[in-house]
1. Taking SER102 as meeting all but one of (1) at pLDDT below 95; (2) closer than 17 Å to TRP25 by Cα; (3) not in a loop (DSSP other than H, G, I, E, B), write down the number of the exception.
2. Quickly run through the stretch 101-110 and pick out the residues that are buried (at least 19 other Cβ atoms within 10 Å of the Cβ) and within 10 Å of the chain's Cα centre (by Cα).
3. Looking at the stretch 108-129, which of its residues are under 19 Å from ALA36 (Cβ atoms) and either small (Gly, Ala, Ser) or in contact with a Gly (Cβ under 7 Å, 6 or more places away or on another chain) (or both)?
4. Looking at (1) in a helix (DSSP H, G or I); (2) surrounded by fewer than 20 Cβ atoms within 10 Å (Cβ to Cβ), which one does GLU117 not meet, given that it meets all the others?
5. Restricting the stretch 127-173 to residues that are over 17 Å from the mean Cα position of the chain (by Cα) and crowded, with 17+ Cβ neighbours inside 10 Å, which is modelled with the highest pLDDT?
Amino acid sequence: MTTTQGSARSGAAGPEPVRWVETGWDDPAPTALRAAMDAEMSVRYADVEDLFSTLVMPPGTAWLATWVALRGEEPLATATLRWLGEGPGRLAEVKKVYVVPSGRRRGLAAQALRQVEGTARALGVGRLHLHTGDLQPEAIALYEREGWERIPVFPPYDVLPVSVCFTKPVPPP
């Protein structure tokens, strides 16, 4: 388990300390956060929710790292890095970036991206991809603010009419 320190922006009371902990994909904290994300997104995407069931991670998916922000023992945010393959420049995908409602607007999503980007850099990944949906304008704004560029929708997300995809190079260490 790897731990890094961070802070979540807050009001006049000052920063609230958070710890970023590298866990496994199946660890209870990111699993609970992903379940909360799925519940929230099922409301936003109710009209196309049945299409999401067609998306299946390929057998043997390699989860490279899952990061969780903890305040005490409370999980606040998560992001995961998934291996996509050697290809040009070694490619990975950022998955399941999520911040609980009580942790939003404190910089945790940007910190989550930095955690997975740091892992990608350490592993020699040259480029990251990610997928979001067009009903998540706050996510789209975050990715654009953090230097991600829109790209054509890549499989398996091309079956979803709401898909928006991004890419970002990972500079070497």
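The values are calculated or read from the model by the stated rules, or taken from the named source; none is laboratory data. Note that the structure is predicted; figures quoted are calculated from it, not measured. Please note: Cβ atoms are built from the backbone with ideal geometry, for glycine as well, and neighbour counts cover all protein chains shown.
1. (2)
2. ALA109
3. ALA109, GLN111, ALA112 - these are the residues of the stretch 108-129 that are under 19 Å from ALA36 (Cβ atoms) and either small (Gly, Ala, Ser) or in contact with a Gly (Cβ under 7 Å, 6 or more places away or on another chain) (or both).
4. (2)
5. Only one residue tops the list, namely VAL162.
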